[in-house]
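*Asks:* Just dropping this structure here.
Just so you know, all these numbers are worked out from the coordinates, no wet-lab data involved. This structure is a prediction, so every number in the text was calculated from the model and none was measured. All Cβ positions, even for glycine, are placed from backbone atoms using ideal geometry, and neighbour counts span all protein chains on display.
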Amino acid sequence: MIYFDTRTCVYPNCFEENVKSHAVSRNISLESIAENYHLYSFIPKRDSRDTKKPLIDRISTNKATRHHCFCDKHEETFKRLDDYEISSTRDVLLQIYRTLCVSHNQEKTALIDMYKLNDLNAHKMIPRSDVELALKGSEFEKIIPMLDDPRILEAAQRKLKFQISELFDYELRKDEELIYKIKSINDTIDDKAIPLNELQVITNERFDHTIFYYKLDFKIPVALSAIQHAGVGNTRVKFYSMVVPYQNSTVIIGLIPNLLLADSERTEKVNNYFSSKYNVVKYVESLISISDGWFITPSIIDNMPKEKSRFFETDCMFLNERKLFKDYDFSIFDDLKVKELGLSADDEELSFIPERPEYSARYEKMLEAMQLKVPEK
Ligand SMILES: [Zn+2]
């Protein structure tokens, strides 16, 4: 059996027990957008029938973006990000490193919970039909008729559980390799000050990802640290995004697999999002519309007309309906668009509420989309 560990410090060659680490600085980022030390986030609630209900709820800045990750000593590695705004290329890489490590442990924890990976008896819960499905067409197909023997069934269940663990272990190791690469680029890259309102890109020949970042000269009142899963042919890839707000600025960072950029339309779309401040805000709205790792200033939601906030809360439930790098057809930062971007307060964009299908139909589709498949090697 493979044991998955989430309680050891993620820093290379450290074996200390970890503590809970913030992916986004609480001191200078989360607090800069909080009201009474709280933010709003999408936290769907399980109801009595074991279905989930959409809910935007309060969360303290102490808990937002936080998960077990580094030991006390290695938390110090990120002190710069907790004391000062991101202002150089090395800060950008340090932020990516921090987000990747926290997300990695978060994903690992979710997989362990969902597939009971560390549970010695979890294989017994694999239904016989799943065992049969896995054996069909494999070199062990001939044992299917013998599954009536409980000992054979259990051996096959155990084997299948091990294969599932192996596949997740393989996926998680790929992420770890990416984390080490980010760290080594961070250790060696020329440290340059980052300009305001200008898209910057980092590529490296040893590296199959591209980093892009942009520092905007006003605050977008949201913090975001999120992963999007995408498929390119048979390959599964992950796109990481970060939005780090400060008192008078916002840093937006993307770490994107080059495979996704092979599509020139997508590259053009990314460039276009950073061609004006208005488009940057639209980009952040589109990231919110496909992620659940965002934390927003409560009054942004509280000040929406009821019909708008209710629409938004429900829409957050159905991330599966939207795609990466597609505009969100709903406006979140209404005041900001009026104050910073020159939209008129009665601009149609601000009051527009899109039509959506019936809730139950949307819920069905979401469940279909959530059928997590075991990743293919
Ligand atoms: Zn450590």
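*Asks:* So if I place +1 on the C-beta of Lys and Arg and -1 on the C-beta of Asp and Glu, and nothing else carries charge, what would the dipole magnitude of the chain be about its Cα centre? I want it in debye, nearest 20.
*Replies:* Computed charge dipole of the chain: roughly 720 debye.
*Asks:* Using a Cα-Cα cut-off of under 18 Å, which lysines could be cross-linked to LYS219, ignoring same-chain neighbours fewer than 8 residues away?
*Replies:* LYS277, LYS282, LYS337, LYS339
*Asks:* Any chance you could give the angle, 0 to 90 degrees and rounded to 10, that helix 306-317 forms with the longest Cα principal axis of the chain?
*Replies:* Orientation of helix 306-317: about 40 degrees from the principal axis.
*Asks:* Scan the stretch 12-60 for chymotrypsin sites (Phe, Trp or Tyr not before Pro) in coil per DSSP, keeping those whose Cβ has at most 10 other Cβ atoms within 10 Å, and list them by number.
*Replies:* In loop regions of the stretch 12-60 (DSSP not H, G, I, E or B), the sparsely surrounded chymotrypsin sites (Phe, Trp or Tyr not before Pro) are PHE15.
*Asks:* Every cysteine in the chain with no other Cys Cβ under 4.7 Å from its Cβ, please list them in numeric order.
*Replies:* Unpaired cysteines in the chain: CYS69, CYS101, CYS316.
*Asks:* With only Lys, Arg, Asp and Glu charged, each at its Cβ (+1 for the first two, -1 for the last two), find how big the charge dipole of the stretch 265-377 is about the Cα centre; round to the nearest 20 debye.
*Replies:* With only Lys, Arg, Asp and Glu charged at Cβ, the dipole is about 460 debye.
*Asks:* Non-local amide H neighbours of LYS116 (under 5 Å, H modeled in plane, Pro and chain starts lacking H): which ones?
*Replies:* Distant-sequence amide H within range of LYS116: zero hits.
*Asks:* What is the helix-to-structure angle for 359-370, meaning the angle in degrees between its Cα long axis and the longest Cα principal axis of the chain, kept from 0 to 90 and rounded to the nearest 10?
*Replies:* 60 degrees
*Asks:* Sticking with the crude label model, points 7 Å out along Cα→Cβ, report the distance from ASP191 to TYR37 in nm, one decimal please.
*Replies:* Result: 3.3 nm between the two label points.
*Asks:* Hey, what's the Cα Rg ratio for the stretch 313-367 versus the globular rule of thumb, 2.2 N^0.38 Å?
*Replies:* 1.37
*Asks:* Whole number please: convex hull volume per residue, Cα atoms of the stretch 195-370, in Å³.
*Replies:* Measuring per residue, one finds 127 Å³ for the Cα hull of the stretch 195-370.
*Asks:* First obtain the Kirkwood hydrodynamic radius of the chain from its Cα pairs, then insert it into the Stokes-Einstein equation at 37 °C and 0.692 mPa s, and state the resulting D in µm² per second as a whole number.
*Replies:* D, rounded to a whole number, is 145 µm²/s.
*Asks:* Out of CYS101, THR89, SER41, whose Cα points farthest toward the positive end of the dipole of the chain (charges: +1 Lys, Arg; -1 Asp, Glu; placed on Cβ)?
*Replies:* Looking along the dipole axis, the top candidate is CYS101.
*Asks:* Turning to a different aspect of this structure: Say the dipole of the stretch 255-300 comes from +1 at the beta carbon of Lys and Arg and -1 at that of Asp and Glu; which of VAL280, ILE290, THR267 then lies farthest toward its positive end?
*Replies:* Ranked along the dipole, the leading option is VAL280.
*Asks:* Relative to 2.2 N^0.38 Å, what does the C-alpha radius of gyration of the stretch 130-193 come to as a ratio? Two decimals please.
*Replies:* Against the compact-globule rule of thumb, the ratio is 1.96.
*Asks:* Mind listing the Cα extents of the stretch 156-212 along all three principal axes, in Å, largest one first?
*Replies:* Extents along the principal axes, in whole Å: 58, 23, 16.
*Asks:* A follow-up question, please. With a 10 Å Cβ neighbour count serving as the proxy for reagent exposure, in which order, fewest first, do VAL201, VAL222 appear?
*Replies:* Result, fewest neighbours first: VAL201, VAL222.
*Asks:* Which one of VAL232, ASN303, LEU343 is farthest out on the positive end of the charge dipole of the stretch 195-370, using unit charges on Cβ (Lys, Arg +1; Asp, Glu -1) and the Cα centre as origin?
*Replies:* Value: VAL232.
*Asks:* Treating the Cα atoms of the stretch 22-96 as identical point scatterers in vacuum, please give the log10 of the normalised Debye intensity I(q)/I(0) at q = 0.17, 0.19 Å⁻¹, two decimals.
*Replies:* -0.75, -0.86
*Asks:* What is the P(r) of the stretch 163-264, as percent of Cα-Cα pairs per 10 Å bin from 0?
*Replies:* 13, 39, 34, 12, 2
*Asks:* Determine the principal axes of the Cα atoms in the stretch 65-189, then give the extent along each, sorted from largest to smallest and rounded to whole angstroms.
*Replies:* The Cα atoms of the stretch 65-189 stretch 65, 25, 19 Å along their principal axes.
*Asks:* Relative to the longest principal Cα axis of the chain, at what angle does helix 277-290 sit, 0 to 90 degrees, rounded to 10?
*Replies:* The angle comes out at about 30 degrees.
*Asks:* With just the Cα atoms of the stretch 295-335, tell me how far they stretch along each of the three principal axes, in Å, largest first.
*Replies:* For the stretch 295-335, the Cα spread along each principal axis is 27, 18, 18 Å.
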